[in-house]
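The values are calculated or read from the model by the stated rules, or taken from the named source; none is laboratory data. Note that this is a predicted model, so its numbers are computed, not measured. Here the Cβ positions follow ideal geometry from the backbone for every residue, glycine too, while neighbour counts run over all protein chains shown. All accessible areas refer to the heavy atoms of the entire protein, side chains included, with ligands and DNA or RNA removed. Shrake-Rupley method; radii C 1.70, N 1.55, O 1.52, S 1.80 Å.
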Amino acid sequence: MVGTIGKQTKVVHGACPHDCPDTCSMLVTVQDGRAIKVEGNPDHPFTQGTLCGKVSDYLDRVYSQQRVLYPMRRVGAKGSGEFERISWDTALNEITSCFQQTIAEYGAEAIMPCSYLGHEGLLNGLTVGDAFFNRLGATVTERTMCISCTSTAYLMTYGPTHGTDPDTFRHSKYIILWGCNALSTNVHLWPFIQDSRFAQFKNGRANKDDEIKSQ
Ligand code: SF4
């Protein structure tokens, strides 16, 4: 909690949970136990108060009627979208009995947890159920489902570097955004790019023909 607005209202610090390196700093206003506003934290030095379009309407998703809040069992054909709500005890018992049957028949390694970041990020994406599945003796999943190819391509193209520190963009005379729409997909980099262009003009190190080249 960072402050109190009224008797039952408080502002809570949060961070975006998505699989996006920015991990935006968020301020969530909670009134009587219900979140009523989500906004970026203007005091954060990198994300600077901006949440992207995926998260600025987070309340609509958190309180959506379509959220799955209870165990559901499929009762129709796959893809038919027919489910029935079941209790937590029923769900746990069914999963336990499937696990026990599989272990008795094939051994614990026949169970393979399949999880990775998906839309989850640094805060909650890499440890889903590890302790449980390790204790069970299940197969250990090497979580390379979607990142191995991109990491390899990145290393082969740029070498072993994490890229350019955004804070150093202001020292660049030219910036080429190649095959990338930063305003859509890297929104927090934009202020640093603007800062660079203005810094160049201010310092007289660029002439009026210099521009940010974007393609
Ligand atoms: S840019 Fe969007 S998805 Fe990425 S951390 Fe910020 S709010 Fe989350």
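Points worth noting:
- Total residues in segment 13-33 satisfying the condition of being away from the ligand (no atom under 12 Å from the Cβ) and either at negative phi or modelled with pLDDT under 90 (or both): the figure is 6.
- Counting only residues that are over 19 Å from residue 50 (Cα atoms) and surrounded by 16 or more Cβ atoms within 10 Å (Cβ to Cβ), segment 173-187 holds 2 of them.
- Test for residue 83: is it under 20 Å from residue 68 (Cβ atoms) and outside the structural domain of residue 22 (by TED's automatic domain parsing): yes
- Residue count, segment 191-215 (criterion: open to solvent by less than 90 Å² (accessible area, probe 1.4 Å) and either among the polar types (S, T, N, Q) or modelled with pLDDT of 85 or more (or both)): 8
- Residue 65 vs. criteria more than 15 Å from the ligand (Cβ to nearest atom), over 30 Å from residue 195 (Cα atoms), within 24 Å of the chain's Cα centre (by Cα) and not basic (Lys, Arg): yes
- Search result, residues across segment 58-87 that are among the aliphatic types (A, V, I, L, M) and in contact with a Pro (Cβ under 9 Å, 6 or more places away or on another chain): 86
- The strands (runs of 3 or more DSSP E) found wholly in segment 1-81 and carrying at least 2 residues that are open to solvent by less than 60 Å² (accessible area, probe 1.4 Å) and not aromatic (Phe, Trp, Tyr) occupy 3-6, 9-15, 25-31, 34-40.
- The set of residues in segment 116-130 being in contact with a His (Cβ under 6 Å, 6 or more places away or on another chain) and open to solvent by less than 50 Å² (accessible area, probe 1.4 Å) consists of 121 alone.
Per-residue answers, yes or no, for (1) touching a Ser or Thr at 6+ places or on another chain (Cβ under 8 Å); (2) open to solvent by 80 Å² or more (accessible area, probe 1.4 Å); (3) of a type outside the set (A, V, I, L, M, F, W, C):
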site	(1), (2), (3)
114	yes, yes, no
132	no, yes, no
135	no, yes, yes
153	no, no, no
166	no, no, yes
189	no, no, no
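- When 39, 84 are checked against the criterion of being away from the ligand (no atom under 16 Å from the Cβ) and either touching a residue at least 40 places away in the same chain (Cβ under 8 Å) or acidic (Asp, Glu) (or both), a single residue qualifies: 84.
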